[in-house]
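Down below is the structure, laid out as structure tokens.
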Amino acid sequence: MVKVTVDGIDVDVPPGSNVLQACEAAGKEVPRFCYHERLSVAGNCRMCLVEIEKAPPKPFASCAYPVAEGMVVHTDTPMVVKARQGVMEFLLINHPLDCPICDQGGECDLQDQAVGYGRDTSRYDEHKRAVKDKNLGPLVKTVMTRCIHCTRCIRFSAEIAGVPELGATARGETMEVGTYVEKALSSELSGNLIDICPVGALTSKPYAFVARPWELNKTDSVDVLDAVGASIRVDARGPEVLRVLPRLNEDVNEEWLADKSRFAVDGLKRRRLDSCWVKRDGRMAKASWTEAFAAIAARVQGVAGDKIGAIAGNLADAESMLALKDLMSALGSQNLDCRQDGADTDVSRRDFYTFNTSIAGIEEADAILLVGTNPRTEAPLVNARIRKRWLAGGLTVAAIGPELDLTYPAQMLGNAPALLAGLRDGSHPFAGVLKNAKKPMLILGAGALARPDGAAILAACWALAAGSHMLTPEWHGFNVLHHAASRVGGLDLGFLPGKGGKGLSAMLGGGVDVLWLLGADELDTAKIGANTFVVYQGHHGDRGAARADVILPGAAYTEKNGTYVNTEGRVQRGQLAVYPPGEARPDWAIIRAFSAVAGKTLPYDSIEALRARLEQTNPVFARVDILPRFGCTDLTGPAGDASAVAAAPFVSPVPNYYQTDPISRASPTMAECTETFATPARAAAAE
Amino acid sequence: MAETATAAFEQPESFAFDAESEAEIATTIAKYPAGKQASGVLPLLWIAQRQMGRQTNSAWVPVKAMDEIARILEIAPIRVYEVCTFYLMFNTAPVGKFHLQLCTTTPCWLRGSDDVVAASRSATGLKGWKEVSADGLFSMTEVECLGACVNAPILQVNDDFYEDMDAEKTKALIEALRRGEIPKPGSMSGRQTSAPDGGPITLTTLSFAKAQ
């Protein structure tokens with residue numbers, strides 16, 4: 001450790017730290033624009049100037065100056081203040097005075113720091129420069145005249161997002177930040193540019209002129225649009241969710257958020273189910289809760305338990321899944337499934353279906369094999385973490401599956417599942433890489449488990465992991481990457497066919513008379529038997545509701561307190577930010593209310609009681625926000641014949657990243673993204 | 001301003017290096033250690049600009065050429081755009097066969113660069129900077145100090161300096177270029193490099209001065 005004195009406060013900082021970090025360790029705030037903890041140091045805004053004793057008598061840019069033993073730093077001397085005031089005056093020379101119409105207003109670094117270091121009037125009489133705005137696609141709005149050339153966005157896109165498309169062209173007075181050749185930023189992380197831009201140059205296009213930050217109610221919650229479970233903050237005004245921002249969580253999303261999670265929220269206001277509907281004489285008619293429950297109860301009356309079934313969708317919370325499971329067993333049914341894609345899983349052990357290395361654990365790995373997955377579309381933040389690990393050096397990545405652009409180099413081994421056998425017996429050259437790696441990882445996409453030979457793929461991957469030092473008492477390198485937020489929770493609480501119960505395909509093909517869909521929209525509703533009575537409980541008028549005989553309006557993830565388990569097996573709680581629209585109610589409460597009508601009253605009246613029941617069902621639900629990491633001592637593999645792997649190539653389960661669930665399908669922003677990014681790709685692929 | 005590639009002129013559909021350029025590229029890249037070939041971006045841009053001059057009589061670097069350089073050097077295209085637009089010696093828009101680069105920085109200005117600019121305008125018929133004459137022969141660019149202030153004012157034609165210019169000499173130079181002649185570059189007043197006009201004025205008693 002290096003001893004540094006900042007304003008009379010002694011601090012110890014690790015060698016290699018910069019002076020700015022030492023100042024922060026001493027609790028001294030240093031203004032900055034270009035410096036960002038997670039980006040390379042640029043040192044070009046000059047706002048973080050400090051004075052250092054026994055150094056040349058000049059202000060130092062603290063972000064770009066390394067600490068030395070015994071260094072004495074001052075952050076508030078007259079020289080420092082005057083220097084920063086000078087920098088601020090220069091920054092404001094060309095910055096427009098449009099704060100009243102700027103979306104960054106109220107959360108703008110330049111605005112805040114101008115209060116501390118700005119002059120009350122400008123001494124600049126000349127014309128300010130104006131810069132043409134750039135078109136960066138449907139998500140990021142640009143007002144380039146406001147740009148102060150901190151280059152954070154350039155560094156973010158090149159380093160974190162891995163799409164080096166932004167740059168600073170020309171020089172001096174004519175310097176501009178942009179793409180030079182006009183194009184939309186081809187990244188699933190582009191929304192983060194809005195967060196890192198310290199001024200109003202890059203702002204949210206869908207959120208333009210919508211609200212001021214001080215008008216918003218901010219609720220900490222968790223994202224459910226993929227299985228990463230990023231920590232988010234839901235900003236709402238009145239009954240409307242206006243935007244979603246990432247929240248710092250080093251273990252999951254660091255401070256980033258994927259575009260779908262950030263921008264799909266306008267789908268929460270469209271195509272919503274806000275009252276009950278019951279089919280009468282072949283037509284759907286609005287109904288009250290009493291009528292809807294009566295209609296279901298009348299239909300369920302007399303139906304044998306094994307002719308009733310339930311399927312949970314990808315956005316379902318654990319509480320409502322458990323309530324539905326309890327309701328089904330009260331009705332005598334074992335027909336449950338939370339795997340809308342028909343995936344084959346072995347739930348005899350939790351590490352057969354979770355991301356055991358953990359997302360933060362990726363940073364320890366030195367070899368990664370991706371099997372049948374495209375993390376860039378299935379979990380962009382996991383992909384960003386792999387890229388971060390790759391940037392640190394010494395990581396080899398290979399992929400079995402379709403050709404991918406992962407933003408880091410990966411050996412494309414081919415798209416034949418048979419390669420797994422070659423890797424297992426060591427005949428494939430990459431087997432050597434895995435053997436020599438100290439902490440190798442295998443990431444198996446959940447899409448591969450949905451194949452007819454899913455169990456075989458799972459067994460083959462486990463066998464490969466077991467045979468290539470991925471499973472040791474200290475290190476668990478076997479990972480399943482899910483893309484459905486509800487999946488691990490559903491598997492944890494056993495929302496699966498019970499003894500003699502029917503699974504997804506049996507329920508769909510007319511195997512049940514009454515089918516309860518809990519937000520299940522990702523299944524082929526045409527396969528549901530013509531005489532099956534369908535109850536759809538959910539929040540959007542999507543595929544499931546279109547087939548339903550009774551619709552029960554539920555709450556979306558921003559409108560209820562719910563527990564979700566991410567792909568790592570991390571139990572997290574989402575919180576109610578706004579109330580559900582109209583007649584809609586939290587999903588567990590709907591099921592609890594119906595149970596009383598059906599005469600099978602469930603034994604919990606509050607969400608606390610239901611959560612106690614959750615913990616009783618599976619103790620993992622007691623460990624909220626905590627993810628203990630385990631090694632692997634028992635190498636016994638999951639059920640399934642590793643040699644029964646079929647020859648069919650892997651196919652991505654997420655063909656269009658921007659539309660994967662009822663919320664993103666209802667979102668106009670996501671539709672625009674699909675048109676901009678996904679459609680040309682599909683057209684190119686068809687050629 | 002040349003910050004975006006969407007200007008009034010057309011970018012060529014494609015660009016490929018010819019054999020002469022390819023040979024130059026090979027020797028250029030060989031100068032850098034393996035894996036550090038990205039350092040060759042400046043020479044490669046220069047090679048591309050010269051090739052355009054050879055092939056089209058307009059020495060500039062189209063976007064397609066920058067993309068090609070990025071491909072050869074295995075770097076992102078934007079990194080080439082950044083470098084190319086930073087250095088004003090790279091033309092990101094078409095120029096004339098004779099690209100007149102007129103210095104108007106203080107020493108040249110004091111020595112009459114305004115007259116040189118006016119003479120260039122009237123002789124070529126060009127009204128503004130960055131314009132290319134209809135016959136494709138001439139274009140004018142205002143440049144910063146060319147580093148030859150002792151022989152101010154300077155008019156640079158493509159890669160060559162014409163020094164000690166005035167309005168008459170500028171007109172004569174441009175007429176000569178129009179006829180297809182390339183006058184000898186250097187001082188147009190006849191003095192040797194930057195020696196005093198009309199012969200030595202100091203140390204005249206020394207033998208070598210008398211000999212001259």
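The values are calculated or read from the model by the stated rules, or taken from the named source; none is laboratory data. None of these values were measured; they are calculated from a predicted model. We place every Cβ from the backbone using ideal geometry, glycine too, and count neighbours over all the protein chains shown.
The table below lists the values:
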| read-out | value |
| --- | --- |
| Hits in the range A:180-192 - residues which are acidic (Asp, Glu) and more than 9 Å from chain B (Cβ to nearest Cβ) | A:GLU188 |
| Every residue from the range A:55-79 that is surrounded by fewer than 17 Cβ atoms within 10 Å (Cβ to Cβ) and either assigned to a helix (DSSP H, G or I) or of a type in the set (S, T, N, Q) (or both) | A:THR77, A:PRO78, A:MET79 |
| Those residues of the range A:528-552 which are buried (at least 24 other Cβ atoms within 10 Å of the Cβ) and closer than 19 Å to A:SER664 by Cβ, in sequence order | A:TYR536, A:GLY538, A:HIS539, A:HIS540, A:GLY544, A:ALA545 |
| Subset of the range A:133-179 (residues that are more than 13 Å from chain B (Cβ to nearest Cβ), surrounded by 24 or more Cβ atoms within 10 Å (Cβ to Cβ) and more than 23 Å from the chain's Cα centre (by Cα)) | A:CYS150 |
| Every residue from the range A:552-568 that is under 21 Å from A:THR532 (Cα atoms) and touching a Leu at 6+ places or on another chain (Cβ under 6 Å) | A:PRO553 |
| Set B:SER113, B:SER139, B:SER122: member being within 23 Å of B:GLN51 (Cα to Cα) and among the hydroxyl-bearing types (Ser, Thr, Tyr) | B:SER139 |
| Residue among A:HIS483, A:HIS469 that is within 20 Å of A:ALA316 (Cβ to Cβ) and assigned to a loop (DSSP other than H, G, I, E, B) | A:HIS483 |
| Cross-chain or 6+ apart pairs with Cβ under 6 Å, the range A:585-596 first and under 13 Å from A:ASN561 (Cβ atoms), then at pLDDT 95 or above and not in a loop (DSSP other than H, G, I, E, B) | A:ASP587/A:SER320; A:TRP588/A:GLU319; A:TRP588/A:SER320; A:TRP588/A:ALA323; A:TRP588/A:LEU610 |
| Residues satisfying the stated conditions in the range A:610-620, i.e. farther than 11 Å from A:GLY569 by Cβ and not acidic (Asp, Glu) | A:LEU610, A:ARG611, A:ALA612, A:ARG613, A:LEU614, A:GLN616, A:THR617, A:PRO619 |
| Check on A:ARG339, in a helix (DSSP H, G or I) and either more than 25 Å from A:GLY509 (Cα to Cα) or not acidic (Asp, Glu) (or both) | no |
| Selection count where residues are within 14 Å of chain A (Cβ to nearest Cβ), surrounded by 19 or more Cβ atoms within 10 Å (Cβ to Cβ) and either within 15 Å of the chain's Cα centre (by Cα) or not in a helix (DSSP H, G or I) (or both), scope the range B:23-78 | 3 |
| Evaluation of A:SER122 against (1) surrounded by fewer than 23 Cβ atoms within 10 Å (Cβ to Cβ); (2) closer than 23 Å to A:LEU245 by Cβ; (3) more than 10 Å from chain B (Cβ to nearest Cβ) (one fails), failing number | (2) |
| In the range A:251-307, the residues that are under 30 Å from A:THR203 (Cβ atoms) and part of a helix (DSSP H, G or I) | A:ASP259, A:LYS260, A:SER261, A:ARG262, A:PHE263, A:ALA264, A:VAL265, A:ASP266, A:GLY267, A:LEU268, A:LYS269 |
| Test: residue in the range A:199-206 that is surrounded by 20 or more Cβ atoms within 10 Å (Cβ to Cβ), within 14 Å of chain B (Cβ to nearest Cβ) and in contact (Cβ under 8 Å) with a residue 24 or more places away in the chain | no |
| Filtered residues of the range B:157-176 (kept if among the polar types (S, T, N, Q) and modelled with pLDDT of 95 or more) | B:THR170 |
| All positions within the range B:127-147 that are within 14 Å of B:TRP109 (Cβ to Cβ) and not acidic (Asp, Glu) | B:VAL143, B:CYS145, B:LEU146 |
| Selection from the range A:274-295 of residues that are closer than 19 Å to A:LEU518 by Cα and either basic (Lys, Arg) or touching a helix residue (DSSP H, G or I) at 6+ places or on another chain (Cβ under 6 Å) (or both) | A:CYS276, A:VAL278, A:LYS279, A:PHE293 |
| Listing of helices (runs of 4 or more DSSP H) fully contained in the range A:578-687 that carry 2 or more residues being surrounded by 18 or more Cβ atoms within 10 Å (Cβ to Cβ) | A:587-597, A:607-617, A:662-666, A:668-673 |
| When residues of the range B:85-96 are limited to those that are out of contact with any strand residue (DSSP E or B) (no Cβ under 8 Å at 6 or more places or on another chain) and crowded, with 17+ Cβ neighbours inside 10 Å, the one nearest to the other protein chains (Cβ to nearest Cβ) | B:THR92 |
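To keep it simple, each residue is scored yes or no on (1) at negative phi; (2) not basic (Lys, Arg).
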residue: A:LEU248; (1), (2): yes, yes
residue: A:PHE263; (1), (2): yes, yes
residue: A:LYS269; (1), (2): yes, no
residue: A:GLY309; (1), (2): yes, yes
residue: A:GLY332; (1), (2): no, yes
residue: A:ARG339; (1), (2): yes, no
